[in-house]
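Asker: Have a look at this one before I ask anything.
The values are calculated or read from the model by the stated rules, or taken from the named source; none is laboratory data. These numbers come from a predicted model, not from an experiment. No Cβ is skipped: glycine too gets one built from the backbone with ideal geometry, and neighbour counts run over all protein chains shown.
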């Protein structure tokens with residue numbers, strides 16, 4: 001524990017702030033720059049920082065590779081599910097306006113769900129790539 005003590009202390013302070021910023025980018029993406037892809041990369045970067053400072057074994061216990069693969073699949077399913085739900089409600093694929101009674105609210109809901117799916121997928125795939133490059137399989 002004595003190795004890299006200052007870096008670990010600074011990381012314990014900054015990692016929650018990085019994750020909070022990722023959430024801000026995720027949910028502010030429909031109002032300005034940002035969105036699911038950027039938020040997913042920021043979230044994964046915070047997790048990779050954790051893994052580099054506290055060890056791969058600790059990172060694997062916090063976020064097991066099987067969970068990462070499941071989250072990646074759920075993100076893709078959420079993205080595709082919004083499109084299928086749009087079609088089932090009488091619109092075109094990814095036509096968000098049919099998701100709510102008011103087309104504007106439907107557009108907002110659709111964008112939020114799509115960006116959430118993208119964010120989940122990007123974050124988990126970035127972490128899977130990190131684990132793969134470290135040479136440890138899950």
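Asker: Kindly indicate whether any position in the range 79-89 is assigned to a helix (DSSP H, G or I) and within 27 Å of residue 131 (Cα to Cα).
Answerer: Initial filter on the range 79-89 (assigned to a helix (DSSP H, G or I)): 79-88.
Adding the requirement that they be within 27 Å of residue 131 (Cα to Cα) leaves 79-80.
For the range 79-89, residues assigned to a helix (DSSP H, G or I) and within 27 Å of residue 131 (Cα to Cα): present.
Asker: When you scan the range 114-122, do you find a residue that is free of Cβ contacts under 8 Å to residues at least 60 places away in the same chain and in contact with a helix residue (DSSP H, G or I) (Cβ under 6 Å, 6 or more places away or on another chain), even just one? Break it down stepwise before answering.
Answerer: Taking the range 114-122 and keeping what is free of Cβ contacts under 8 Å to residues at least 60 places away in the same chain, we get none.
No, that holds for no residue.
Asker: Continuing with this model, one more query. Looking at the range 17-35 only, could you name the residues that are at pLDDT below 90 and assigned to a helix (DSSP H, G or I)?
Answerer: Scanning the range 17-35 gives 27, 28.
Okay, residues lined up against (1) within 30 Å of residue 7 (Cα to Cα); (2) surrounded by fewer than 18 Cβ atoms within 10 Å (Cβ to Cβ); (3) under 21 Å from the mean Cα position of the chain (by Cα):
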{"site": "35", "(1), (2), (3)": "yes, no, yes"}
{"site": "59", "(1), (2), (3)": "yes, no, yes"}
{"site": "102", "(1), (2), (3)": "no, yes, no"}
{"site": "105", "(1), (2), (3)": "no, yes, no"}
{"site": "108", "(1), (2), (3)": "no, yes, yes"}
{"site": "126", "(1), (2), (3)": "yes, no, yes"}
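Asker: Select from the range 44-57 the residues that are assigned to a helix (DSSP H, G or I) and farther than 18 Å from residue 19 by Cβ and write down the one among them that is nearest to the chain's Cα centre (by Cα).
Answerer: Among them, the one singled out is 56.
Asker: Another question, then. Which one of these does residue 14 not meet: (1) free of Cβ contacts under 8 Å to residues at least 40 places away in the same chain; (2) in a helix (DSSP H, G or I); (3) farther than 30 Å from residue 133 by Cα?
Answerer: Single failed check for residue 14: (3).
Asker: Determine, yes or no, whether residue 97 is modelled with pLDDT under 90, more than 27 Å from residue 45 (Cα to Cα) and surrounded by 16 or more Cβ atoms within 10 Å (Cβ to Cβ).
Answerer: Spelling it out, residue 97 is indeed modelled with pLDDT under 90, more than 27 Å from residue 45 (Cα to Cα) and surrounded by 16 or more Cβ atoms within 10 Å (Cβ to Cβ).
Asker: When you go through 41, 25 one by one, which is the residue that is touching a residue at least 12 places away in the same chain (Cβ under 8 Å), under 12 Å from the mean Cα position of the chain (by Cα) and farther than 14 Å from residue 112 by Cα?
Answerer: 41
Asker: Let me ask something else. Please enumerate the residues belonging to the range 70-90 that are within 30 Å of residue 12 (Cβ to Cβ) and loosely packed, with under 15 Cβ neighbours inside 10 Å.
Answerer: Result: 70, single match.
Asker: Among the residues of the range 103-138, count how many are assigned to a loop (DSSP other than H, G, I, E, B) and either within 15 Å of residue 79 (Cα to Cα) or at pLDDT 90 or above (or both).
Answerer: Qualifying residue count for the region: 0.
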